[in-house]
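Contents: one structure, followed by commentary.
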Amino acid sequence: MPENWKTYKLGEISRIGDGAHTKVKRVDEGILYLTSKNFKKGQLILDKIDYISETDYNRLFSSNSKAVNKPEVGDIILGIIGTLGNAYLYKESDIFGISSSVAIIRADKSKIFPKFLYYYITGNKFKHYQNAHNGASVQGYTNIPSLKSIPIFFPSLNEQIVISSILSALDDKIELNLQMNKTLEEMAMALYKHWFVDFGPFQDVEFVESELGMIPKGWEVKTLGDEFDITIGRTPPRKESKWFSFTSGVKWISIKDMGNAGTYIFNTAEYLTDDAVKAIPKVPENTVILSFKLTVGRVSITTENMVTNEAIAHFIKNKRTSISSEYLYLALKIFDYNSLGSTSSIATAVNSKTVKGIKMVIPSHIIVDSFQEKVEYLFQNIRSNTNETQTLTTLRDTLLPKLISGEVRVKDAEKTLSAAL
């Protein structure tokens, strides 16, 4: 530990509480009520959420309560039941209640800068301590007394603030890229819907009846199997551990990887060795892929030659293909997958045959080319932003443990940051 750094227990430099222990009635609309599964790496995961009434929110999360149960700006939200270790910094724009599966850590600002404490808690050293205090529960559990006993060491407040500003600069650029990509994809989707759902530019042409309703004359309805060579990935036997790697080989895409990616998928949690991929269908760069088992409807575009597991379909272009990857991506993003089976069985009802049979409106080549000219630059910017985000995320994840441990000093980190931004 560097000279002049101090060591405290977490409970000595913060107040710690947790969310509601009382059973709360869920409602269709109201105020967000989140659990540990809704927090991940500084982000809110809102694909599965609950709501509670404003009355219950005010009753359970009163600002007048002496307990730390209502998050305030600068508080750290930390998963302590089920999903351990995922931390989130409560922002001014946030309004939500939380369950007892998360802790609220409120820094003593006279001793530690809240954002520095947040970064410390996201580091592997803290996660190691939290896992070491995991209770006997199968789902994972860290109680509040154990949390309070975890050691924290840190420099002066001024140095904490500088360290936090370096890491925040990276986080802010990453967040900006994510927001830019969201806007760019929304622009592309709005154009797709205007052209190929509402047929806005084609109102003056003749329409004819088709299997999918009225479409401009000269357009066709085809199946995805007509347009693409559709292949399915594979998972080698897990008992053959030599076929798997976490560091090198051919990137092997899972549905979880698709969930972590945006429009374009650059990184995967696992790789397969060259021997393992010999019998697995290869997925070329710029290929649209679709999850069709368990979690149905995730769509991404590959950025290099990759492979996938058996729950993911690949749409390989061939001589018959008349639409672009960008067109297909947008079409699959808004496709109603519930139309392929009952809502209750959709996770098991969809198979490769079903995917090949999905029907789609295919415009004339002239229309497709014209559309491609308008959306191509949007997708190019999305890919460029995503690539930069991957680089910045790696840099942040490399710097974070070294900065909060004193292994890398501020001046060196500032030089690295200046070069990156």
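The values are calculated or read from the model by the stated rules, or taken from the named source; none is laboratory data. None of the values given here were measured: they were computed from a predicted structure. All Cβ positions, even for glycine, are placed from backbone atoms using ideal geometry, and neighbour counts span all protein chains on display. Quick note on the areas: whole protein, heavy atoms, side chains included, nothing else; ligands and nucleic acids left out. Shrake-Rupley method; radii C 1.70, N 1.55, O 1.52, S 1.80 Å.
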Checklist entry - How large is the helix-only mean residue ellipticity at 222 nm for the chain, computed as the sum of -39500 (n - 2.57) over DSSP H runs with n ≥ 4, divided by its residue count, in deg cm²/dmol to the nearest 500? => result -11000 deg cm²/dmol
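Order the following by accessible area, largest value first: Y51, Y90. Probe radius 1.4 Å; ligands, DNA and RNA are ignored.
Reading off the accessible areas and sorting them downward yields Y51, Y90.
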Next on the checklist: Sort 160-170, 323-333 by packing, meaning the average of other beta carbons within 10 Å per residue, with the highest value first.
Outcome noted: 323-333, 160-170
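How much of the accessible area of the chain, probe 1.4 Å, is carbon plus sulfur, in whole percent? Please list the in-between numbers first.
On the way: 10690 of 21320 Å².
Accessible surface attributable to carbon and sulfur in the chain totals 50 percent.
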Checklist entry - Which lysines have a Cα lying under 20 Å from the Cα of K356, excluding residues fewer than 8 positions away in the same chain? => result K222, K282, K293, K317, K319, K333
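Once you sort the root eigenvalues of the Cα gyration tensor of segment 185-229 as a ≥ b ≥ c, which label holds: rounded (a/c under 1.5), prolate (a/b larger than b/c) or oblate (the other case)?
On the way: a/c = 2.54, a/b = 1.06, b/c = 2.41.
Since a/c reaches 1.5 but b/c is at least a/b, the shape of segment 185-229 is classed as oblate.
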Item to check | Cα convex hull of segment 295-421, projected area averaged across orientations, nm² | outcome: 12.0 nm²
Item to check | Candidate lysines - alpha carbon under 21 Å from K37, same-chain residues fewer than 8 apart omitted | outcome: K23, K25, K48, K70, K91, K127, K256
Checklist entry - Which order, highest average first, do 96-109, 272-285 follow once you tally other Cβ atoms within 10 Å for each residue and take the mean per peptide? => result 96-109, 272-285
Item to check | Shape call, segment 176-283: gyration tensor on alpha carbons, a/c limit 1.5 | outcome: oblate
Checklist outcome for this item: In nanometres, the difference between 0.36 nm per residue of separation and the alpha-carbon distance of S405 and L157 is 87.8 nm
Checklist entry - In segment 212-254, which GluC sites (Glu not before Pro) are in a loop and have at most 12 other Cβ atoms within 10 Å, using DSSP for the loop call? => result E240
Checklist outcome for this item: Charge dipole of the chain built from unit charges on the beta carbon (Lys, Arg +1; Asp, Glu -1), centred at mean Cα; most positive-end Cα among G11, I312, L421 is G11
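Over the chain, what is the relative contact order in whole percent, taking alpha-carbon pairs under 8 Å and six or more residues apart? If you can, show how the numbers build up before the last one.
Working: 725 pairs, mean separation 65.0, N = 421.
It rounds to 15 percent for the chain.
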Checklist entry - Can you give the Rg to Rh ratio for the chain, taking only C-alpha atoms and Rh from Kirkwood? => result 1.02
Checklist entry - Between segment 185-258 and segment 285-345, how many Å separate their Cα centres? => result 4 Å
Next on the checklist: Bin width 10 Å, origin at 0, all Cα-Cα pairs of segment 1-50: what percent of pairs per bin?
Outcome noted: 17, 32, 26, 16, 8, 1
Checklist outcome for this item: Within segment 169-201, the residues whose backbone N lies under 11 Å from a label point placed 7 Å from the Cα of N381 along the Cα-to-Cβ direction are 180-188
Next on the checklist: Under the rule a/c < 1.5 gives rounded, and otherwise a/b versus b/c splits prolate from oblate, where does segment 102-184 land using the Cα gyration tensor?
Outcome noted: oblate
Checklist entry - For segment 1-99, what size does the Cα cloud have along each of its three principal axes, sorted from largest down, in whole Å? => result 54, 31, 25
Checklist entry - Given +1 on the Cβ of Lys and Arg, -1 on the Cβ of Asp and Glu, and no further charges, what dipole in debye does the chain carry about its Cα centre, rounded to the nearest 20? => result 1620 debye
Checklist entry - Can you list the residues, at least 5 places off or on another chain, whose amide H is less than 5 Å from the amide H of D229, using H built in the peptide plane? => result I316, N318
Next on the checklist: Can you give the log10 of the normalised intensity I(q)/I(0) at q = 0.16 Å⁻¹, computed with Debye over equal Cα scatterers of segment 363-413?
Outcome noted: -0.62
Next on the checklist: Tell me the angle of helix 157-196 to the major Cα principal axis of the chain, expressed in degrees between 0 and 90 and rounded to the nearest ten.
Outcome noted: 20 degrees
Checklist entry - Going by alpha carbons, how many degrees (0 to 90, nearest 10) lie between the helix axis of 410-420 and the longest principal axis of the chain? => result 10 degrees
Checklist entry - Picking from P155, S352, F196, whose Cα lies most toward the positive end of the charge dipole for the chain (charges on Cβ: Lys, Arg +1; Asp, Glu -1)? => result P155
Item to check | Accessible area of the chain divided out per residue, in Å², using a probe of 1.4 angstrom | outcome: 51 Å²
Checklist entry - Most mobile of D257, D198, D171 per a Gaussian network model of the chain (Cα springs, under 10 Å)? => result D198
Item to check | Per-pair calculated FRET efficiency, R0 = 41 Å: K415 and A269 via Cβ, rounded to 0.05 | outcome: 0.85
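What's the long-distance tail for segment 243-335, i.e. % of Cα pairs beyond 14 Å? Kindly include the intermediate steps, with their values, before the conclusion.
Details: 2678 of 4278 pairs.
Distances greater than 14 Å cover 63 percent of the Cα pairs.
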Item to check | Under-5 Å amide H pairs with S100, H placed in peptide plane, nonlocal only | outcome: G19, A20
Checklist outcome for this item: Over 18 Å (Cα to Cα) among K6/K411; K9/K41; K41/K173 -> K6/K411; K9/K41
